[in-house]
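Chemist: If you scroll down you'll find the structure; I have some questions about it.
The values are calculated or read from the model by the stated rules, or taken from the named source; none is laboratory data. Because the structure is a prediction, the values reported are computed rather than measured. Counting neighbours? That spans all protein chains shown, and the Cβs are built from the backbone with ideal geometry, glycine included.
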């Protein structure tokens, strides 16, 4: 926070008791929609929910049946079936509610932890306002029980652990993110670029993650599922329908589409550029900007370059949009703050009222377009000289 903004921040300090009211209002933003969704789950278990796919995967795992049936079925690593087993054991309705509550709780907790950082807590209500920006874009994933809400929470909590130098806990959350979605491996690579001292911890964590299924199944069966998973992911990479919201979803809206080879090369090039962003620029900045740049780069890559990104997948981007918007306001960069707030709210609020006019095609184009703009703004922010005297030492 600059000296110019410090007096204003002091004047804006909350009166006694107001912090508790702001926090109560923020928790209500998460709890009220969760309560409504829970009532709907109890009334019609399995209706408009993706968790039946997850429950089927658990049943198949413990019955030693194949997990994979092509892009329309299970598209995660075998570890996901183990991860979802506790929810399966609670039964459909209770398990579905607990599944959604875990995601909502993780997102809310991650935002709260970041909002307590000195660089973000200069004004009252940080937790409330960031939640208000993030919630609309997270709501659909929570409603449908989509695993992307858990991916968003795992990455957000990993970012906070990186920010606070809780290295092993960060590795656990990065492993959890990879178990939830195979593209979490990109998050691990970018974490190594932004935090090089993690390299050996990440190596151990990845080895343990890969070995985990062998503790819960016969070696022959586990190996067969790894092979089936690799083939399934290969099939997913070749999906061409205009129903996904990745970069190709944006291009297909305008009658353009990249072939498989071109798309693969572009993913590799984008990954390298984001590695440079994290390695060359993010490491120079103090926390929490360093962690937020990593989180933004990771979320942007996962959304734009996963050929099966759905509209509700963009819950992964929501927390970092809100947090960087709030940080920009706290640092006197109001234009950047308003732009990012507008991006977050337009992604969360516009697709539904525009659905009668454009169907789902608006979201398929708007989400990746806004994410491309966000990545450009993030690169600009990271490439500027570090502010203040607490620049990162590159550890």
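Chemist: Can you tell me which residue among 58, 32 is farther than 30 Å from residue 331 by Cα and touching a helix residue (DSSP H, G or I) at 6+ places or on another chain (Cβ under 8 Å)?
Modeler: Numbers: 32 fails: touching a helix residue (DSSP H, G or I) at 6+ places or on another chain (Cβ under 8 Å).
Criteria check complete, one pass: 58.
Chemist: Counting only residues that are free of Cβ contacts under 8 Å to residues at least 40 places away in the same chain and within 14 Å of the chain's Cα centre (by Cα), which one in the range 159-183 is surrounded by the most Cβ atoms within 10 Å (Cβ to Cβ)?
Modeler: Going through the qualifying residues, I end up with 174.
Chemist: What's the number of the only condition in (1) out of contact with any helix residue (DSSP H, G or I) (no Cβ under 8 Å at 6 or more places or on another chain); (2) modelled with pLDDT of 95 or more that residue 172 fails to meet?
Modeler: (1)
Chemist: Then there's this: Just checking, which of 94, 147, 103 is over 28 Å from residue 221 (Cα atoms) and buried (at least 18 other Cβ atoms within 10 Å of the Cβ)?
Modeler: Values: 94 fails: buried (at least 18 other Cβ atoms within 10 Å of the Cβ); 147 fails: over 28 Å from residue 221 (Cα atoms).
After ruling out the rest, the residue left standing is 103.
Chemist: Of these, 227, 251, which one is closer than 24 Å to residue 309 by Cα, without any contact (Cβ under 8 Å) to a residue 12 or more places away in the chain and surrounded by 13 or more Cβ atoms within 10 Å (Cβ to Cβ)?
Modeler: 251
Chemist: Take the conditions farther than 23 Å from residue 106 by Cβ and out of contact with any helix residue (DSSP H, G or I) (no Cβ under 8 Å at 6 or more places or on another chain) and apply them to residue 307. Does it pass?
Modeler: Working: farther than 23 Å from residue 106 by Cβ: yes; out of contact with any helix residue (DSSP H, G or I) (no Cβ under 8 Å at 6 or more places or on another chain): no.
So residue 307 fails the test.
Chemist: With the requirement that a residue be touching a helix residue (DSSP H, G or I) at 6+ places or on another chain (Cβ under 8 Å) and not in a helix (DSSP H, G or I), what does the range 70-95 give you?
Modeler: 70, 71, 73, 74, 75, 76, 77, 78, 90
Chemist: Can you tell which of 328, 313 is modelled with pLDDT under 95, crowded, with 23+ Cβ neighbours inside 10 Å and part of a helix (DSSP H, G or I)?
Modeler: Working: 328 fails: crowded, with 23+ Cβ neighbours inside 10 Å.
Unique residue meeting the criteria: 313.
Chemist: Next question. So, residue 152, is that one at pLDDT below 95 and touching a helix residue (DSSP H, G or I) at 6+ places or on another chain (Cβ under 9 Å) or not? Spell out the reasoning first.
Modeler: Values: at pLDDT below 95: no; touching a helix residue (DSSP H, G or I) at 6+ places or on another chain (Cβ under 9 Å): yes.
Judged against the criteria, residue 152 is not a match.
Chemist: Identify the residue in the range 257-270 that is at pLDDT 80 or above and surrounded by fewer than 17 Cβ atoms within 10 Å (Cβ to Cβ) and, among all such residues, is farthest from the chain's Cα centre (by Cα). Give the steps one after another, and end with the answer.
Modeler: So the first thing to find is which residues in the range 257-270 are at pLDDT 80 or above, and the list is 265-270.
Subset that is surrounded by fewer than 17 Cβ atoms within 10 Å (Cβ to Cβ): 265-266, 268-269.
Numbers: 265: 24, 266: 21, 268: 20, 269: 21 Å.
Across the range 257-270, the extreme among qualifying residues is 265.
Chemist: Quickly run through the range 373-395 and pick out the residues that are more than 21 Å from residue 279 (Cβ to Cβ) and either modelled with pLDDT of 90 or more or part of a helix (DSSP H, G or I) (or both).
Modeler: 373
Conditions (1) crowded, with 18+ Cβ neighbours inside 10 Å; (2) under 25 Å from residue 161 (Cβ atoms); (3) in contact with a strand residue (DSSP E or B) (Cβ under 7 Å, 6 or more places away or on another chain), marked per residue:
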| position | (1), (2), (3) |
| --- | --- |
| 206 | no, yes, no |
| 232 | yes, no, no |
| 236 | no, no, no |
| 292 | yes, yes, no |
| 295 | yes, yes, no |
| 299 | yes, yes, no |
| 302 | yes, yes, no |
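Chemist: Further, regarding this structure: Considering each residue of the range 351-362, count those that are at pLDDT 85 or above and buried (at least 17 other Cβ atoms within 10 Å of the Cβ), and give that number. Spell out how you get there, then give the answer.
Modeler: We begin by selecting, within the range 351-362, every residue at pLDDT 85 or above; these are 351-354, 362.
Within this subset, residues satisfying the condition of being buried (at least 17 other Cβ atoms within 10 Å of the Cβ) are 351, 362.
Count: 2.
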